[in-house]
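A.B. asks: First the structure, which I've put down as structure tokens, then a few questions once you've had a look.
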Amino acid sequence: MHELSITRALLDQALAEAEKHGAKRIGRIRLLLGTGGSVVPDCVQLYFDEMKKGTAAAEAELEFKRVPLRIRCPKCSAEWGTSSAPGRADSVDQSATGPLDHILQGMCACNAGGDIISGQELVIESMDVD
């Protein structure tokens, strides 16, 4: 259900940017959506389709671009990741349990754990406006 407030914030941001640039209509909104986050694109789309009615985004379409989850070792700066990791976390270490366990298999040789550097975002990348 957190997608409701997220979608409201995205739409508000898009409308504010369109107004700031004198646009009357938003045609397409391109979103970057991390594969390591917990946002469900279908829910965002459903809420967006209802919220956009009667706004400059009334005819807008959402386009989701998936951003792979990427991890960096804080010790040696090695990076690894996946394009389909479920769940989310702020950091990953050798003793982690849960949905991100499978990415630890690709860990660097120093076994220092890792920090998520991308793949949890949901941001507007660009918009088409008139």
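Where a number appears in this text, it was derived from the coordinates with a stated rule and is not lab data. This is a predicted model, so every value here is computed, not measured. With ideal geometry, Cβ positions are generated from the backbone for all residues, glycine too; neighbour counts draw on all protein chains shown.
A.B. asks: Which net charge results for the neighbourhood of Arg66, defined as the other residues with beta-carbon distances under 14 angstrom from its beta-carbon, given Lys and Arg at +1 and Asp and Glu at -1? Kindly include the intermediate steps, with their values, before the conclusion.
C.D. replies: On the way: positive: Arg30, Lys65, Arg70; negative: Asp42, Glu63, Glu121, Glu125.
Here the count lands on -1.
A.B. asks: How much net charge surrounds Val129 when only other residues with a Cβ under 15 Å from its Cβ are counted (Lys, Arg +1; Asp, Glu -1)?
C.D. replies: Values: positive: Lys20, Lys24, Arg25, Arg28, Arg30, Lys52; negative: Glu17, Glu19, Glu59, Glu61, Glu63, Glu125, Asp128, Asp130.
Charge balance in the 15 Å sphere: -2.
A.B. asks: Also: Taking a ≥ b ≥ c as the square roots of the eigenvalues of the Cα gyration tensor of the range 1-64, is the shape rounded (a/c under 1.5), prolate (a/b larger than b/c) or oblate?
C.D. replies: prolate
A.B. asks: Here's something else I'd like to know. Using packing as a proxy for protection, rank 28-36, 10-18 so that the peptide with the highest average count of other Cβ atoms within 10 Å comes first.
C.D. replies: Numbers: 28-36: 19.9, 10-18: 17.4.
My ranking of the peptides, most packed first, is 28-36, 10-18.
A.B. asks: Still on this structure, please answer the following. Straight distance only, please: which lysines reach the Cα of Lys52 with their own Cα at less than 28 Å, same-chain residues fewer than 8 apart left out?
C.D. replies: List returned: Lys20, Lys24, Lys65.
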